[in-house]
1. Out of segment 32-61, which residues are charged (D, E, K, R) and part of a strand (DSSP E or B)?
2. State the number of residues belonging to segment 1-31 that are in a loop (DSSP other than H, G, I, E, B) and either exposed (fewer than 12 other Cβ atoms within 10 Å of the Cβ) or among the aromatic types (Phe, Trp, Tyr) (or both).
3. Could we say that Tyr5 is over 12 Å from the mean Cα position of the chain (by Cα) and of a type in the set (Phe, Trp, Tyr) here?
4. What pairs come up if the first residue lies in segment 3-15 and is within 19 Å of Asp31 (Cα to Cα), the second is among the aromatic types (Phe, Trp, Tyr) and in a helix (DSSP H, G or I), and their beta carbons are under 7 Å apart, counting only those six or more places apart or on different chains?
Amino acid sequence: MPPYYDVAEYLWGKGVDIDSDGDSYPADATDWTELTLILRSDTTQRVDIDPSPLNTNFLVLKASNQQLKSAVVTFLKSKGSIE
């Protein structure tokens, strides 16, 4: 996985002001499996990535809208993080 802040910057721009939560430690970790991103200027813009309760080899992506969800998938695919 890319560092979590790269996901936010891809979605909303460089230096974006976000709230985030997850298991990325240190901040530039690439082995995280949980992530929540919320755009502070528009809190309706939210992304959640969590481990699948059915299979630990899979992640579940939820987003506040389809455009945001598609953008996350496109970004993670471009980084080779998902197929």
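1. Within segment 32-61, Arg46, Asp48, Asp50 meet the criteria.
2. Within segment 1-31, the first condition is being in a loop (DSSP other than H, G, I, E, B), and the residues that meet it are 1-3, 13-17, 23-31.
After this cut, where a residue has to be either exposed (fewer than 12 other Cβ atoms within 10 Å of the Cβ) or among the aromatic types (Phe, Trp, Tyr) (or both) as well, the list is 13-15, 17, 25-28, 31.
Total meeting the criteria: 9.
3. In short, no.
4. If the second residue must be among the aromatic types (Phe, Trp, Tyr) and in a helix (DSSP H, G or I), the pairs left are Val7/Phe75; Tyr10/Phe75.
Table: residues versus (1) surrounded by fewer than 16 Cβ atoms within 10 Å (Cβ to Cβ); (2) free of Cβ contacts under 8 Å to residues at least 40 places away in the same chain; (3) aromatic (Phe, Trp, Tyr).
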site	(1), (2), (3)
Leu39	no, yes, no
Pro51	yes, yes, no
Phe58	yes, yes, yes
Ala63	no, yes, no
Phe75	no, no, yes
Ser81	yes, no, no
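No value in this document is a laboratory result; all are computed from the given coordinates. Model, not experiment: these values are computed from the prediction. Counting neighbours? That spans all protein chains shown, and the Cβs are built from the backbone with ideal geometry, glycine included.
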